[in-house]
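So the structure is just underneath, and the comments pick up after that.
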Amino acid sequence: MSGFKKFLFRGNLVELAVAFVVGAAFAGLVKDFANSFITPLIALIGGKPDYTRLAVKIDGTTFPYGIFLTSAITFLITAAIVYFLVVLPTTKLIERMDRGKEATERECPQCLSDIPLKASRCRYCTSEVVPATETPY
């Protein structure tokens with residue numbers, strides 16, 4: 001029972017649970033955003049906000065391509081908005097915060113793995129490397 005308790009209270013499991021809850025809330029937010037802003041934006045461009053009724057009949061079989069068309073347009077617009085309003089600013093903020101930090105690792109010239117700056121031998125390919133304090137970086 002103690003092993004099970006350790007498993008439940010391990011940091012990774014708690015982080016995963018929090019990420020799941022936040023992800024579910026974010027999914028609802030994106031859905032509501034799409035319904036409130038994207039669908040009317042599609043209506044401005046195409047005249048109708050909902051293309052789900054578009055279909056073609058071939059030999060008596062109906063192919064409702066409008067459902068896919070509506071979802072594809074909504075996805076593309078939502079992805080662009082999320083990228084430009086969430087991902088790009090967050091990436092820039094993280095880069096700005098990391099600017100002042102000193103590097104603690106460098107690439108091994110042989111295998112391109114990250115190794116400590118002061119290492120004289122790569123831990124992955126075991127080739128000898130000159131410590132970074134001796135090279136003019």
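Annotation: peptides 67-75, 104-112, 23-31, ranked by per-residue average of other Cβ atoms within 10 Å with the highest first, follow the order 67-75, 104-112, 23-31. Projecting label points 7 angstrom from Cα along Cα→Cβ for ALA80 and ARG121 puts them 5.6 nm apart. Placing unit charges on the Cβ atoms of the charged side chains and taking the dipole of the stretch 81-137 about its Cα centre, the candidate lying farthest along the positive direction among ALA119, TYR83, GLY100 is TYR83. Of the listed values (i) 172; (ii) 301; (iii) 103, grab the one calculated as volume of the Cα convex hull per residue in Å³ from the structure here. Recomputing volume of the Cα convex hull per residue in Å³ here picks out (ii).
Oblate is the label for the stretch 1-75. Its Cα gyration tensor axes, ordered a ≥ b ≥ c, give a/c of at least 1.5 and b/c at or above a/b. Rounded to the nearest 500, the helix-only mean residue ellipticity at 222 nm of the chain stands at -15500 deg cm²/dmol, with each DSSP H run of n ≥ 4 adding -39,500 (n - 2.57). In this structure, the amide hydrogen of ARG106, modeled 1.01 Å from its nitrogen in the peptide plane, lies closer than 5 angstrom to those of ILE115, LEU117, counting only residues at least 5 positions away or on a different chain.
Applying the Karplus relation 6.51 cos²θ - 1.76 cosθ + 1.60 with θ = phi - 60° to the stretch 70-82 yields 3J(HN,Hα) values of 4, 5, 5, 5, 4, 4, 4, 5, 5, 4, 5, 5, 4 Hz, where x marks Gly and Pro. Using the 1.4 Å probe convention, the accessible area of the chain works out to 82 Å² per residue with neighbouring protein chains retained. Distance from the Cα centroid of the stretch 99-122 to that of the stretch 59-81 is 48 Å (rounded to whole angstrom).
For the chain, the dipole from Cβ point charges (+1 on Lys and Arg, -1 on Asp and Glu) about the Cα centre works out to 360 debye, to the nearest 20.
Measuring nothing but protein heavy atoms, the accessible surface of the chain at 1.4 Å probe radius is 66 percent carbon and sulfur.
The values are calculated or read from the model by the stated rules, or taken from the named source; none is laboratory data. This one's a predicted model, so the numbers in the text were calculated from it and none came from an experiment. A quick note on method: Cβ atoms are made from the backbone with ideal geometry, for glycine too, and the neighbour counts reach across all protein chains shown. Side chains included, ligands, DNA and RNA excluded: accessible areas come from the protein's heavy atoms. Shrake-Rupley method; radii C 1.70, N 1.55, O 1.52, S 1.80 Å.
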